[in-house]
Amino acid sequence: MTSKKKDIRALTKDQLRNFFVDQGDKAFRGNQVYEWLWSKGAHSFKEMTNLSKQTREQLQQHFIINHIRVDQMQRSKDGTIKNAVRLHDGLIVESVLIPTPKRTTACVSSQVGCSLDCKFCATARLKRMRNLNADEIYDQVVAIDKESRLYHNHPLSNIVFMGMGEPLMNYNNVIKAIDMITSNEGLGMSPKRITVSTSGVPKMIKKMADDSVRFNLAVSLHSAIDEVRTHIMPFNQTFPLKDLQESLEYWYKKTERRITYEYVVWNGINDTQKDIDALIKFCSYVPCKVNLIEYNPIDDGEFQQASSQAINNYIYNLEKRNIVVNVRRSRGKDIDAACGQLANKS
Ligand code: SAH
């Protein structure tokens with residue numbers, strides 16, 4: 001069913017205040033509604049119990065509240081939860097809750113499908129259908145926060161934009177969502193607990209730096225050799241490593257925030273000393289750390305996780321140069337919730 005009514009959450013607080021003034025009411029009413037919509041997460045006007053019946057009806061006449069619905073929730077043996085989230089137009093994205101003893105992290109999607117074409121990622125096989133709105137990103141976080149409280153007895157502690165999509169190709173909505181997540185009128189989370197992960201869109205990395213954002217940046221690097229990177233991440237042809245490097249130097253100069261490089265080591269693709277040396281050189285440009293991610297097979301043959309010997313060789317060489325390196329084990333593999341596995345299978 002399509003409705004001509006406007007989605008009320010597309011309005012800023014000022015626009016809401018103006019709406020009430022135009023209706024001959026007090027601007028303050030807009031603040032009350034805003035609070036219901038965001039920090040209280042109301043899904044209907046009926047819930048807004050401190051408004052008069054007349055005001056609620058007035059809202060009903062003009063607006064709708066689009067909201068997501070968790071269609072299906074799957075729980076892994078390791079405690080990871082994956083939500084299949086239905087959007088107001090029926091499209092589906094996935095988000096994941098990753099519990100560890102010290103923190104619970106929400107991994108959220110920014111697009112339906114993905115605009116990029118990384119050869120090793122299941123999401124890349126879904127066509128990009130559309131960008132998510134800010135409220136659709138925000139709602140994923142709210143849903144996971146609720147699940148975290150319910151199943152793990154504490155609120156969500158961290159958020160990573162590592163679900164479906166390329167966040168920097170939906171920049172405005174991602175920033176709007178983060179503003180709301182960090183605002184006291186939303187969830188009041190610290191931006192230090194939020195990480196935006198990108199495949200590396202230099203122009204947008206510079207824009208983020210200019211916008212003085214206060215969250216963390218991760219870059220899915222996977223290779224520091226153009227030829228290799230273009231083979232596995234074809235858009236590297238358009239955004240080569242030199243441009244990426246330059247944008248990261250710009251980012252660091254402006255924000256002084258260390259960058260995380262995400263890196264999977266594959267058999268016969270990036271497992272030689274030459275690959276390691278190139279990564280070490282790339283790491284010399286700006287303060288950074290490296291997360292070695294376990295590969296989550298998405299099917300056929302070309303990509304296979306490198307041997308532990310090859311991975312240990314990376315660790316040994318990086319640590320010798322005083323580069324911080326962490327090994328990230330996969331979580332939620334049994335329910336296809338691990339990195340690169342989000343593909344709306346169910
Ligand atoms: N487009 C953004 C956000 C997605 S994050 C980005 O690329 O950063 C998803 C992370 O999982 C990225 O680091 C990606 O490179 C990694 N990834 C994708 N497919 C994977 C797979 N099959 N196994 C392990 N990691 C994978």
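Would you list the strands (runs of 3 or more DSSP E) that sit entirely within region 58-130 and hold 2 or more residues that are crowded, with 20+ Cβ neighbours inside 10 Å? Spell out how you get there, then give the answer.
Values: elements: 69-75, 81-86, 92-99, 104-107.
Hits in region 58-130: 81-86, 92-99, 104-107.
Here region 296-332 is the region considered, the condition is being open to solvent by 50 Å² or more (accessible area, probe 1.4 Å) and hydroxyl-bearing (Ser, Thr, Tyr), and the residue that is farthest from the ligand (Cβ to nearest atom) is Tyr316.
How many of the residues making up region 275-296 are over 27 Å from Arg331 (Cα atoms) and of a type in the set (Asp, Glu)?
Pass one, region 275-296, residues over 27 Å from Arg331 (Cα atoms): 277-278, 280-282, 284-287.
Now drop any that are not of a type in the set (Asp, Glu), which leaves 277.
Of the residues in region 275-296, 1 are over 27 Å from Arg331 (Cα atoms) and of a type in the set (Asp, Glu).
Cβ-Cβ distances below 7 Å connect the following pairs, each with a first residue in region 226-244 that is within 15 Å of Tyr261 (Cβ to Cβ), a second residue that is among the hydroxyl-bearing types (Ser, Thr, Tyr), and a separation of six or more residues or different chains: Arg229/Ser223; Ile232/Ser223; Met233/Ser199; Asn236/Thr230. What do you reckon, is Ile335 modelled with pLDDT under 95 and buried (at least 17 other Cβ atoms within 10 Å of the Cβ)? In short, yes.
Per-residue answers, yes or no, for (1) modelled with pLDDT of 95 or more; (2) closer than 27 Å to Lys206 by Cβ; (3) not polar (S, T, N, Q):
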site	(1), (2), (3)
Gln245	yes, yes, no
Tyr250	yes, yes, yes
Arg258	yes, yes, yes
Glu262	yes, yes, yes
Phe282	yes, yes, yes
Asp300	no, no, yes
Phe303	no, no, yes
Val327	no, no, yes
Gln341	no, no, no
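Contact map, region 149-169: residues that are under 17 Å from Arg75 (Cα atoms) paired with residues that are open to solvent by 30 Å² or more (accessible area, probe 1.4 Å), Cβ distance under 7 Å, separation 6+ or inter-chain. Pairs shown: Arg149/Pro155.
The listed residues are Asn172, Asn184, Asn153, Asn131, and the only one of them that is over 12 Å from the mean Cα position of the chain (by Cα), at pLDDT below 95 and closer than 24 Å to Asp7 by Cβ turns out to be Asn184.
For region 198-295, the strands (runs of 3 or more DSSP E) that sit wholly inside it and include 2 or more residues that are touching a Phe, Trp or Tyr at 6+ places or on another chain (Cβ under 7 Å) and crowded, with 18+ Cβ neighbours inside 10 Å are 216-220, 288-293.
The values are calculated or read from the model by the stated rules, or taken from the named source; none is laboratory data. Just so it is clear, the structure is predicted and the values come from calculations on it, not from any experiment. Here the Cβ is made from the backbone with ideal geometry for all residues, glycine too, and neighbour counts use every protein chain on show. Just the protein is used for accessible areas: all its heavy atoms, side chains included, with ligands, DNA and RNA removed. Shrake-Rupley method; radii C 1.70, N 1.55, O 1.52, S 1.80 Å.
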